[in-house]
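J.: Take a look at the following structure, please.
The values are calculated or read from the model by the stated rules, or taken from the named source; none is laboratory data. Not measured: the values here are computed from a predicted model. Don't worry about glycine lacking a Cβ; one is built from the backbone with ideal geometry, like all the others, and counts go over all protein chains shown. Note: areas computed on protein heavy atoms with side chains; ligands, DNA, RNA excluded. Shrake-Rupley method; radii C 1.70, N 1.55, O 1.52, S 1.80 Å.
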Amino acid sequence: MVVHSAAERVLAGLDPEQRSAVTAPAGPVCILAGAGTGKTRAVTSRIAHRALTGDISARHVLAVTFTARAAAEMRARLSALGVGGVQARTFHAAALRQVRYFAPRLLEGRAMPELLDSKVRVVTLAAAKVGLRADRAAARDLAGEIEWAKSSLVEPGEYVVAAAKALRETPYEPAKVADVFAAYERLKRGNGVIDFEDMLRAAVWGIEEHADVAEQVRGQYRHLVVDEYQDVNPLQQRLLDAWLGGRDDLTVVGDASQTIYSFTGATSSYLVDFPRRHRGATVVRLVRDYRSTPQVVGLANAVISQARGAEARLRLELHGQRPPGPEPDLRIFTDEPAEANAVAARCRALIDGGTPAREIAVLFRTNAQSEAYEKALTEAAVPYVVQGAERFFERPEVRQAMIALRAATRSIPGETPLPAAVVEGLAAVGWAPDAPPPGGAARERWEALAALVQLAEEYAATPEVVPIGEAVAIERPVTLGDFNEELARRAAQQHVPTVEGVTLASLHSAKGLEWDAVFLVGLAEGTLPTTYAKTPEQVEEERRLLYVGITRAREWLWLSYAAARSPGGRARRPSRFLPQLDRSGGGERAGAGAARRTERRRAQVVSCRICGATLLAGADRKLGRCPTCPSDLDEELYARLHEWRQRVAGAQKVPAYVVFTDATLTALAERKPGRTEELIAIAGIGPRKLGLYGDTVLALVAGAGVDDVCPQKSFEI
């Protein structure tokens with residue numbers, strides 16, 4: 001009865017589609033989960049429900065995903081649902097655990113090879129062996145090619161043909177890359193080291209070639225769950241097949257519209273073909289978006305609705321479940337510095353308005369775009385964090401802080417509350433809670449250590465439960481020593497704390513994350529899609545990349561591009577994926593008429609007088625500013641204009657808006673024109689109204705009273 005109640009609680013609050021996923025029968029299950037539709041809740045609830053109803057044993061479940069953060073979230077949710085013992089790990093962590101466990105048996109007493117943290121150093125040596133002098137950037141590109149090949153089950157001798165078939169943009173001539181690949185493999189073997197792909201292969205080999213290992217692994221893991229299944233590569237699928245051994249108790253979760261890692265070897269084909277490979281599979285679609293406002297969801301649907309290709313067959317139309325929010329903000333700037341400065345100013349305004357900096361992100365296509373935003377945010381005194389630039393626990397200040405905290409266990413009394421102990425320990429590295437620098441790299445370092453203090457406060461809120469006898473336990477406050485162990489565990493798993501600051505990240509590294517406010521910048525042809533996207537498949541992946549970026553936003557979304565890279569530079573077009581920004585005419589034939597229309601469009605461009613963005617909406621063009629830019633309305637002038645309009649409308653026996661609309665009055669009170677040329681530049685004031693009211697309006701702007709310019713007489717038209 002207790003078990004039944006616990007299982008029913010798991011189902012409480014699920015929407016109908018999530019409930020279908022959770023209660024699907026044993027066997028192959030494919031959950032197609034759109035962005036923000038609660039996929040983690042659905043998959044963890046499925047595991048918990050099956051365990052609590054006695055359908056499975058939790059210790060026989062292996063759930064694999066792609067990041068340590070996602071795996072940790074799975075474990076935390078399962079624990080909250082009352083289910084422990086599930087192995088939730090990344091592919092690499094699961095494989096490493098198994099290889100280490102079986103190493104004495106498989107290696108016949110030999111020591112397990114050391115695992116390379118990075119390929120770059122060995123690749124640099126391999127390149128030199130074949131006559132290439134590769135700098136660090138070139139070595140990273142070569143390492144990426146080798147990783148793609150090994151993940152795609154391609155050997156050095158097969159690389160040239162495989163790269164040609166895959167249309168790879170290789171850093172060197174393909175035959176030379178193959179030579180580096182072969183030299184890299186020789187160097188590894190000679191030095192007794194392996195890389196991450198070798199480890200996955202070793203796990204596959206152990207199962208496929210050793211019946212006793214296969215029996216033990218499959219006896220332990222009888223129910224498999226794979227998150228982000230659209231990102232699986234051929235090597236990972238080979239390992240998954242080895243784990244399964246022909247069995248079919250498999251649940252996969254994915255979204256073909258978020259397939260953005262094909263350059264690493266990932267392919268959505270396994271997700272697309274799942275019902276064909278697993279006959280009788282249950283397929284459930286999650287389409288209720290609980291993350292984003294309907295306005296953000298609507299734009300995401302509009303972008304992905306144009307998708308073509310295999311992934312489009314599984315396209316999901318999302319339905320926003322949140323209350324309505326602001327429309328996405330679409331901006332065009334004269335050049336990239338103007339775009340970066342406007343973004344920084346808006347970030348500053350959001351933070352001043354109460355939005356935490358950690359809930360704001362600036363996302364771009366390439367890491368090279370980051371520098372302009374780092375500079376602009378620094379000048380605006382906005383703290384920021386560069387995602388993926390350097391692993392949190394590898395930062396010098398974090399390493400020094402961890403050393404200081406370990407040393408502090410010898411000098412700080414054990415009864416000192418944990419947060420206070422951490423603050424005291426960090427004083428040794430010069431950190432103080434009340435002295436944050438204004439911005440830039442110094443502020444980023446300060447925020448990294450502040451994140452450790454925040455983590456200590458969260459950790460201290462969950463005291464350890466210590467059993468002292470049968471059915472008796474006490475709560476023991478966590479100590480600085482406990483916290484140091486927690487930091488070491490997190491460092492090993494790269495489970496980083498949240499750092500206070502605006503996130504700067506590439507669209508690829510933003511996958512799986514979300515923020516209240518998101519800026520998508522640099523949305524110009526040649527950047528998104530990149531010039532390297534030459535085939536239809538590559539262009540479609542660029543479209544999906546924008547879709548992923550849009551769906552990171554919960555409430556507030558900004559999309560922008562610069563008409564030129566630098567001041568006075570060559571003009572660029574907006575991304576083809578944004579029809580709202582495309583004013584190119586959609587295939588209009590060249591000729592005199594087209595030239596006149598193009599010239600007319602150019603003459604009608606109106607820029608925000610505050611941030612410089614090109615204004616698209618009629619009301620914004622009339623005001624001469626973006627709706628989110630601060631108003632400089634002269635309230636006293638607006639009141640006089642309003643009273644004057646009322647008198648004129650009454651005299652003419654027409655509605656007030658016939659004289660001037662509210663938007664025109666606001667524009668007049670903000671822009672305060674002093675000359676006829678400035679007056680007629682305001683949309684809504686044409687030659688006719690200029691003749692009727694021009695002199696009067698200019699007099700009012702100059703300070704005249706309503707009685708001075710509007711005696712009690714009738715106006716005739």
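J.: Please list 352-363, 643-654 highest first by mean number of surrounding beta-carbon atoms within 10 Å per residue. Intermediate results must be reported in sequence, preceding the final value.
T.: On the way: 352-363: 18.3, 643-654: 16.2.
Highest to lowest by the protection proxy: 352-363, 643-654.
J.: Any chance you could give the angle, 0 to 90 degrees and rounded to 10, that helix 136-151 forms with the longest Cα principal axis of the chain?
T.: So the inclination is approximately 60 degrees.
J.: Calculate, for Arg136 and Val539, the FRET efficiency according to 1/(1 + (r/R0)^6) with r their C-beta to C-beta distance and R0 30 Å; round to the nearest 0.05. Write down the numbers at each step before the final one.
T.: On the way: r = 30 Å, r/R0 = 1.01.
According to the calculation, E is roughly 0.50.
J.: Can you pull the accessible area of Trp556 for me, 1.4 Å probe, Å² to the nearest 10?
T.: We get 30 Å² for Trp556.
J.: Hey, another quick one. From the Cα gyration tensor of the range 148-211, with a ≥ b ≥ c the square roots of its eigenvalues, which class applies: rounded if a/c is under 1.5, or else prolate if a/b is larger than b/c, or else oblate? Mind dumping the intermediate values first?
T.: Working: a/c = 2.84, a/b = 1.57, b/c = 1.80.
Verdict is oblate for the range 148-211.
J.: Hey, got a sec? Which trypsin sites (Lys or Arg not before Pro) in the range 489-578 land in a DSSP loop and have at most 10 other Cβ atoms within 10 Å? Could you put the intermediate results ahead of the total?
T.: Working: sites: Arg489, Arg490, Lys511, Lys534, Arg543, Arg544, Arg552, Arg554, Arg565, Arg570, Arg572, Arg576; in loops: Lys511, Lys534, Arg552, Arg565, Arg570, Arg572, Arg576.
Those satisfying the criteria are Arg570.
J.: Residues in the range 188-203, backbone N under 16 Å from the label point at Asp241 (7 Å along the Cα-to-beta-carbon vector): list them, ranges by number please.
T.: 201-203
J.: Probe 1.4 Å, all protein chains in place: accessible area of His92 in Å², nearest 10?
T.: Counting only protein heavy atoms, the figure is 60 Å².
J.: At 1.4 Å probe size, with the rest of the protein present, what percent of the exposed accessible area of the chain is carbon and sulfur atoms? Kindly include the intermediate steps, with their values, before the conclusion.
T.: Working: 17330 of 33490 Å².
Carbon and sulfur: 52 percent of the exposed surface of the chain.
J.: Taking Cα atoms, how many degrees apart are the long axis of helix 234-244 and the longest axis of the chain, rounded to 10 and kept between 0 and 90?
T.: Around 50 degrees separate the two axes.
J.: Cross-link partners among lysines for Lys39, C-alpha distance below 18 Å, same-chain residues fewer than 8 apart left out?
T.: Lys511
J.: Identify, among Ile47, Ala6, Pro113, the residue whose Cα sits farthest towards the positive end of the charge dipole of the range 1-128, taking +1 on the Cβ of Lys and Arg and -1 on the Cβ of Asp and Glu, with the dipole about the Cα centre.
T.: Checked the options; the winner is Pro113.
J.: Spin-label point model (7 Å from Cα, Cβ direction): what's the Arg573 to Ser57 distance in nm?
T.: Taking the two extended label points, one gets 6.3 nm.
J.: For Asp695, Asp135, give the ranking by accessible area with the largest first, probe 1.4 Å.
T.: Asp695, Asp135
J.: Ok, one more. Is the range 64-197 best put as rounded, prolate or oblate by its Cα gyration tensor, with a ≥ b ≥ c the root eigenvalues, rounded for a/c under 1.5, and otherwise prolate when a/b is larger than b/c, oblate when not?
T.: Working: a/c = 2.55, a/b = 1.73, b/c = 1.48.
Judged from the Cα gyration tensor, the range 64-197 comes out prolate (a/c at least 1.5, a/b above b/c).
J.: OK, next. What is the gain in length, in nm to one decimal, between Leu167 and Ala310 on full extension, counting 0.36 nm per residue of separation less the C-alpha to C-alpha distance?
T.: Values: separation 143, 0.36 × 143 = 51.48 nm, distance 1.78 nm.
Gain in length upon complete extension: 49.7 nm.
J.: Cut-off under 23 Å on the C-alpha distance; same-chain residues fewer than 8 positions from Lys689 excluded. Which lysines are left, in chain and number order?
T.: Partners within reach: Lys622, Lys653, Lys672, Lys713.
J.: Per residue, how many Å² of accessible area does the chain show with a 1.4 Å probe?
T.: Values: 33490 Å² over 717 residues.
Per residue, the chain has an accessible area of 47 Å².
J.: So if we plug the beta-carbon distance of Ala381 and Val429 into 1/(1 + (r/R0)^6) with R0 = 22 Å, what FRET efficiency do we get, rounded to 0.05?
T.: Numbers: r = 23 Å, r/R0 = 1.07.
Efficiency at R0 = 22 Å is approximately 0.40.
J.: Any idea what angle helix 370-379 forms with the longest principal axis of the chain, computed on alpha-carbon atoms, 0 to 90 degrees, nearest 10?
T.: Result, in degrees: 60.
J.: Taking the alpha-carbon distance from Lys188 and a cut-off under 28 Å, which lysines remain once sequence neighbours fewer than 8 residues away in the same chain are dropped?
T.: Straight-line reach from Lys188, under 28 Å: Lys119, Lys129, Lys150, Lys165, Lys176.
J.: Is the shape of the range 1-149 best called rounded, prolate or oblate, per the rule: a/c under 1.5 gives rounded, else a/b larger than b/c gives prolate, else oblate, with a ≥ b ≥ c the square roots of the Cα gyration tensor eigenvalues?
T.: Numbers: a/c = 3.68, a/b = 2.04, b/c = 1.80.
Prolate is the answer for the range 1-149, as a/c is 1.5 or above and a/b outweighs b/c.
J.: Rounding to the nearest 20 debye, state how big the charge dipole of the range 104-211 is about its Cα centre with +1 on each Lys and Arg Cβ and -1 on each Asp and Glu Cβ. All intermediate terms of the calculation are to be shown ahead of the outcome.
T.: On the way: 16 positive and 18 negative charges, 64 e Å.
Computed charge dipole of the range 104-211: roughly 300 debye.
J.: For labels at Ala80 and Asp708 in the simple 7 Å Cα→Cβ model, what's the distance in nm?
T.: Once both label points are built, they end up 6.5 nm from each other.
J.: What is the distance, in nm, between label points placed 7 Å from the Cα along the Cα-to-Cβ direction at Ser118 and at Arg218?
T.: For Ser118 paired with Arg218, the spin-label model returns 4.1 nm.
J.: Then there is this: Magnitude of the Cβ-charge dipole of the chain, K/R +1 and D/E -1, about the Cα centre, nearest 20 debye?
T.: Dipole of the chain, to the nearest 20 debye: 1800 debye.
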